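Working notes, beginning with the structure itself.
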Amino acid sequence: MERVYNFSAGPAVLPEEVLKEAAAEMLNYNGSGMSVMEMSHRSKTYQAIIDEAEKDLRDLLNIPANYKVLFAQGGASLQFASVPMNLMRNGVADYIITGQWAKKAYQEAQKYGKVNKIASSEDKIFSYIPDCSDLPITDNADYVYICENNTIYGTKFKTLPNTKGKPLVADVSSCFLSEPADITKYGVMYGGVQKNVGPSGVQILIIREDLIGEKPALACTPTMMNWKIQTDEKSLYNTPPTYGIYICGKVFKWLKKLGGLSAMKEINEKKAAILYNYLDSSKLFRGTVEKKDRSLMNIPFVIGNEPLEEKFIKEATKEGLTSLKGHRTVGGMRASLYNAMPIEGVNKLVAFMKDFESKNSL
Ligand SMILES: *Cc1c(COP(=O)(O)O)cnc(C)c1O
């Protein structure tokens, strides 16, 4: 069967080159006579894989030496608890709510301390990013929390909030490695890799060393969520998601070969512009968020007529344009244009939308 253009929000498309390489190495990785899946995580061969993955990630993001890199498990959702457990030394944190994922993190953190909602865009179904240049940051807040790219609603922080000196914690699950980032502006950057970097089951955390301290803020923090232990053990306290980390490593190499994150950003801007420009000119389809806050990764759009939207999704699927159904809270459609979505996929989608528009008017 032909491969489709997969617009899924996650797990999502991966570079074909990476999948082919992994397939070629499936039975015998680098002369080891076994698959990476079958290999001890304590072996020299695996140590080289995880070391190289970390090194390549550090190169790509220019991660300063005073930041630790952690490959963890439990979904980005587990970090909703790990973040407060490790960081809430004063028992206080400020959250900016720009979508479902930020809201879930905010709700989870309430179990561990006093959590303030200092800004929100829920009044307009999360269709914009609030002005975060002068927020009422709490004096003794341990951190300020954001979800940098809102996977469901399709908005992104174009400028990071002014945290007035407090550490910024950002869930970057759906924009990770889509463009360069200045790590020094973050206390913790973390994300699940199944949106833009690899297979589900791996989270990557980049944590400023001084925030880890000698022990987590909460004494009851489970060992598996204890950043001090996990970083001291270099992601090998227990068996890590070995195969997933190996695939992430291949994606890092793919990104480096492409020219790094500046080159990736240029490609992503080009791809997103193709779809946004069409949405702005279409009489049938329209985007759902404020233009200034548009995400390059997740692009929701609607017709505003449910039967016609269903027809669109059905016919698109037949054309090999799959997973275009929007999140149930927004309705309509969503095209996720992650790093690995080829520009041909976006062109084909827009050509199909134009054709659909010419045949179906409201
Ligand atoms: C998908 C997603 C999550 C949840 O990830 P899990 O790995 O399923 O827990 C959290 N945050 C954002 C921004 C996401 O896109």
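Taking every alpha-carbon pair under 8 Å whose residues sit at least 6 apart, the chain reaches a relative contact order of 23 percent. Taking other residues whose beta carbon is less than 9 angstrom from the beta carbon of Lys156, and scoring Lys, Arg as +1 and Asp, Glu as -1, yields 0.
Sites listed here are trypsin sites (Lys or Arg not before Pro) in region 315-362 whose DSSP assignment is loop and whose Cβ has at most 16 other Cβ atoms within 10 Å: Arg328.
Converting phi to 3J(HN,Hα) with the Karplus coefficients 6.51, -1.76 and 1.60 and the offset θ = phi - 60°, region 25-42 yields 9, 4, 8, 8, 7, 6, x, 7, x, 8, 6, 4, 4, 9, 9, 4, 6, 9 Hz in sequence order, with x at every glycine or proline. Just tell me which lysines come within less than 18 Å, Cα to Cα, of Lys314; anything on the same chain fewer than 8 places away is out. Straight-line reach from Lys314, under 18 Å: Lys325, Lys348, Lys354, Lys359.
In plain terms, the bigger the Kirkwood radius, the slower the diffusion; for region 188-315, with that radius from Cα pairs, at 37 °C and 0.692 mPa s, Stokes-Einstein puts D at 177 µm²/s. Here the residues Val36, Val172, ranked from fewest to most Cβ neighbours within 10 Å of their Cβ, fall in the order Val36, Val172.
Each of Ser281, Ser178 was scored by other Cβ atoms within 10 Å of its Cβ. Arranged with the fewest first, they read Ser281, Ser178.
Near Lys117: Cβ cut-off under 11 Å, other residues only, Lys/Arg at +1 and Asp/Glu at -1. The net charge is -1. Between amide H atoms placed 1.01 Å from N, distances below 5 Å from Lys215 occur with no residue 5 or more places distant or on a separate chain. Computed from point charges on the beta carbon alone (+1 for Lys and Arg, -1 for Asp and Glu), the dipole magnitude for the chain about its Cα centre is near 300 Debye.
Positive contributions from Lys and Arg (+1) and negative ones from Asp and Glu (-1), summed over other residues with Cβ under 11 Å from the Cβ of Phe80, come out at +1. Across the chain, the longest piece that holds none of the GluC sites (Glu not before Pro) lying in DSSP loops with up to 14 other C-beta atoms within 10 Å covers 3-213.
Listed by chain and number, the aspartates and glutamates whose C-alpha is less than 16 Å from the C-alpha of Lys164, apart from same-chain residues fewer than 8 away, are Asp94, Asp131, Asp134, Asp139, Asp142. At an R0 of 45 angstrom, the distance between the Cβ atoms of Ala48 and Leu362 translates into a FRET efficiency of 0.20.
For region 1-98, the set of trypsin sites (Lys or Arg not before Pro) satisfying both a DSSP loop assignment and a count of at most 13 other C-beta atoms within 10 Å is given as Arg3, Arg42. Fully extending the segment from Arg3 to Glu319, taken as 0.36 nm per residue of separation minus the present Cα-Cα distance, adds 112.6 nm. Mind checking the full-extension length gain between Ser40 and Leu160? Use 0.36 nm per residue of separation minus the Cα-Cα distance, one decimal, nm. Here the answer is 39.1 nm. In terms of surrounding Cβ atoms within a 10 Å radius of their Cβ, Ile118, Ile97, Ile274 rank from fewest to most as Ile274, Ile118, Ile97. When Rg and the Kirkwood radius Rh are both evaluated on Cα atoms of region 29-89, their ratio Rg/Rh stands at 1.08.
Comparing Thr231, Ser82, Ala119 along the charge dipole axis of the chain, the residue lying farthest to the positive side is Ala119, per the Cβ-charge model. Candidates Ser35, Phe285, Tyr246 compared by Cα position along the dipole of the chain: farthest toward the positive end lies Phe285, with charges placed on Cβ. Of all DSSP beta bridges located in the chain, what percent are antiparallel, nearest 5? In the chain, approximately 55 percent of DSSP beta bridges are antiparallel ones. D by Stokes-Einstein for region 18-258, Kirkwood Rh over Cα pairs, 10 °C, 1.306 mPa s: 86 µm²/s.
Where a number appears in this text, it was derived from the coordinates with a stated rule and is not lab data. Because the structure is predicted, anything quoted here is derived from the model rather than measured. Counting neighbours? That spans all protein chains shown, and the Cβs are built from the backbone with ideal geometry, glycine included.
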